[in-house]
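In what follows, a single structure is set out as structure tokens and then discussed.
Here, each number is a calculation from the coordinates, and none is a lab measurement. Note that the coordinates shown come from a computational prediction; the quantities given were computed from them, not determined experimentally. Because the Cβ atoms are built from the backbone with ideal geometry, glycine has one as well, and the counts that use them run over all protein chains shown.
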Amino acid sequence: MKREGTAAFGRPSPLVGYLPAVISLSFNEDNSVVPNRVVSRGIVTETAGFCRGGFLRVGASLALSIASLFFDFVGAASAQEQTRRFLVLYPYNNLFPTGIAVGEAARKRLDERVGDSLELYTDFLDLGRFSGEAYQQRTARALAEKYQDRKPEIVLALGPQALQFSLKNRQVLGFDVPIVFCCTSRARLSTLSIPNDVTGIISEFDYTKTLALAQRLQPDARQIVIVAGASEFDRQSAENARRQLASYDNKYDIQYLVGLPHEELIEKLKRLPRTTIVLMLTVFSDPRGRLSVSPDLVPQITSAAAAPVYTPYDAFVGRGVVGGHTDSLESIGIEVADLALDILAGKHPSGVPPRSTNGNADRVDWRQLKRWNLSEHRLPTSTEVRFREFTVWEQYRWHIAAIIAILLAQGSAITWLQFERHRRQRAELDLRQRLAEVIHLNRTAVTGAMSASVAHELNQPLGAIQSYAEAASLYLKADPPNLGRIEEILGNIRRDDKRAADIISHLRGLLKKQDQDDWQEFDLNEAVRDALRVVRPEASKRGVQLKAFQTDASLPVRGDPIHVQQVIMNLAMNGMDAMQACSPGQGRMSIDTAMTAGNIIEVSVADSGTGIPADKIGEIFDPFFTTKGHGTGLGLSIARTIVETYGGKIWAENLPSGGAAFRFTLPLAVQ
Ligand code: ADP
């Protein structure tokens, strides 16, 4: 087991400036001394008390004294006036939140304003647990001894009991320095006789203001319950409340739960109607005199109570009470520190008489408003709302708004792009339809131009059928009828009939309007042969010698065979037009297919016509370019569109022998 004792010493060092230190020693069960820690920066915290005996402890004290002397020696040359020495006296122990909050705020303020010259001592007088004249005198003597060589320049007394202790034991303490107090009501202050070197910050615990806040939040309340502990201080608080709330007797049923045992108090609070206003004052001790040191006391009371609890004490806000009209502990700490510094700077305390704190306001705990379903809108706008929990929207409003804006912008951009895409698709579809119509019109025109020759071509089988029919009639009339010969003639009639039907069907195929391209794999030689069935009669009609050459092997390509025939017909028709000036039999045309390198098939349509004027060779494939009186200028443009659609190329060149050759390629379909 370990017991701890603390010895403090510190002196300005010429080497490192002021070097205060606390060496904390632990006394083990066997009374050996173990150094625990060294605390620097001039802030020393300890509980006033008395070392218990023991040889080793005396030895330790001696060692400490020697160490202290060493520091005294080292620091002797230092400028003492550089340091500002404060003693903060806490009335109770380190578990009382009010004193701790004020003391910490004061320490921070002093540290901020004094900096490295600050020498701050704190002592917890523990007057809640230890009372009576004898205790106070023993404590005062111990402090006198403790601070014998380091007398504070000013004492900060945090609360009425610390103030009373300081005033009463001034002689014993041995340092007759100004005192700055806080956290004391004007009423309590009037019970003490305050000398003119004492001043401070007064806290007015005006219970009516806290009650006004409660009334706003609970306008339907009919009952007020005042909760206070059993200590003298608690009872005085309750008495004070009784005086202040006397005028409320008519309107409310006011009940005082003062000095009850803890369990009984909790039970009573549990059974309160929801419409009650609970006003919690101090609960420093229970009826058996046990000090309520647990920081959980307030949460225990507030969580047990079946009605909202209010308080005039700032330290309770955040521990389950709804709120109250309170003095900000932080601002009290700051004001006390500032007042102490003003006095150290030369102001006489009598020139700055005790004044009320500037930090009083209505303060509420947002979480408790939610717990009790109390409307924040009933509160004055000046109310300080603490512990507000922000919703995701409140916390990240701008981030969310930015994300929504980005999403909206993105959404609109996507919608707009989709609309544009849809429009483009429709436009492309329209374009394809128009193109198909133009292609069809061109095909109809070319086919129509050649139809006279084709019709003439029809005469051949029809005439032959006529002759065969007449011959068959003669063979029938013979006696006996020559049935074998008739049979043969009927075969010929069927063959020529089929030929005529094929010509008509082919023409119909060329003139037929297609809803969409008939993509398929077909033999290019077949398509050339089909085109020749239309071109050849026209060539013959115009006296053009037409030669055609196709490879023996089939040439599979992908596309619409009617379109490919149309290309050949257009090129052949143009060639024949270019040979118009030739005398009959002089014009020559050749239509050839060949395989070239890289699985590319080339079809050429060459003529012996006028050729293409050199300056026009780059324009002939442009839409509407024509040199003919009745030309449309669309034939070559459509031919190029078709060829390129099926992955090929088309071009023209003049032949050295005269005339022009048009060539187009198509890729061989992969087998
Ligand atoms: P169109 O036949 O209605 O004039 P094309 O687009 O088929 O339209 O032809 C455009 C022009 O190209 C023709 O007017 C002609 O001047 C020129 N052309 C086409 N084929 C030949 C050819 N084989 N020989 C000379 N010129 C040609």
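Spin-label point model (7 Å from Cα, Cβ direction): what's the residue 111 to residue 628 distance in nm?
Rounded to a tenth, the inter-label distance reads 10.3 nm.
Using a 10 Å cut-off around each Cβ, can you sort 506, 377 from fewest to most neighbouring Cβ atoms?
Fewest-to-most ranking of 506, 377: 377, 506.
Can you list the lysines whose alpha carbon is less than 19 Å from that of residue 146, not counting same-chain residues fewer than 8 positions off?
The reachable lysines, counting only those whose Cα sits under 19 Å from residue 146, are 168.
Suppose a student asked you for the relative contact order of the stretch 515-671, using Cα pairs under 8 Å spaced at least 6 residues apart; what percent would you report?
This gives 24 percent for the stretch 515-671.
Under 23 Å from the Cα of residue 108, which lysines turn up, not counting those fewer than eight places away in the same chain?
151, 347
What is the Cα centroid distance between the stretch 201-257 and the stretch 592-638, reported in whole angstrom?
109 Å
Arranged from highest to lowest average of other beta-carbon atoms within 10 Å per residue, in what order do the peptides 458-467, 428-437, 364-373, 556-565 appear?
556-565, 364-373, 458-467, 428-437
What are the ³J(HN,Hα) couplings of the stretch 182-192, residue after residue, when phi is run through the Karplus curve with 6.51, -1.76, 1.60 and θ = phi - 60°? Round to Hz, x for glycine and proline.
With coefficients 6.51, -1.76 and 1.60, one gets 8, 6, 10, 7, 5, 5, 5, 4, 5, 7, 9 Hz.
Please rank 630, 262, fewest neighbouring Cβ atoms within 10 Å first, as an exposure proxy.
Least crowded to most crowded, the residues run 630, 262.
Quote the relative contact order of the stretch 84-202 in percent (integer), defining contacts as alpha-carbon pairs under 8 Å separated by 6+ residues.
In percent, rounded to a whole number, it is 29.
With a sphere of radius 12 Å drawn around the Cβ of residue 276, what net charge do the other residues whose Cβ falls strictly inside it have (Lys, Arg +1; Asp, Glu -1)?
That sum, taken over residues with Cβ under 12 Å, equals +3.
Tell me, what is the percent relative contact order of the chain, built from C-alpha pairs under 8 Å that lie six or more residues apart?
8 percent
How far, in degrees from 0 to 90, does helix 635-645 lean away from the longest principal axis of the Cα atoms of the chain, to the nearest 10?
50 degrees
Expressed as an acute angle from 0 to 90° and rounded to the nearest 10, what is the orientation of the C-alpha long axis of helix 483-511 relative to the principal long axis of the chain?
Taking the Cα atoms of the chain, the angle to 483-511 is about 40 degrees.
List the residues whose amide H sits under 5 Å from the amide H of residue 182, counting only those 5 or more places along or on another chain, with H placed 1.01 Å from N in the peptide plane.
157, 159, 201
Can you work out the Karplus-derived ³J(HN,Hα) for every residue in the stretch 420-429? Use 6.51 cos²θ - 1.76 cosθ + 1.60 with θ = phi - 60°, whole Hz, and x for glycine or proline.
5, 4, 4, 5, 5, 4, 5, 5, 5, 4
Between the stretch 526-579 and the stretch 281-349, what's the alpha-carbon centroid distance in Å?
109 Å
Past the 23 Å Cα-Cα mark, which pairs from 513/628; 251/370; 628/649; 616/649; 209/268?
Over 23 Å Cα-Cα: 513/628; 251/370; 628/649; 209/268.
Taking the mean number of other Cβ atoms within 10 Å as a proxy for protection, how do you rank 618-629, 489-500, 317-328 from highest to lowest?
317-328, 489-500, 618-629
Could you order the peptides 110-119, 415-424 from most to least packed, using the average number of other C-beta atoms within 10 Å per residue?
Order by mean packing, descending: 110-119, 415-424.
Under a straight-distance cross-link criterion of Cα-Cα below 12 Å, which aspartates and glutamates are reachable from residue 270, leaving out those fewer than 8 residues away in the same chain?
Correct list for residue 270: empty, as no aspartates and glutamates qualify.
What is the helix-to-structure angle for 329-344, meaning the angle in degrees between its Cα long axis and the longest Cα principal axis of the chain, kept from 0 to 90 and rounded to the nearest 10?
50 degrees
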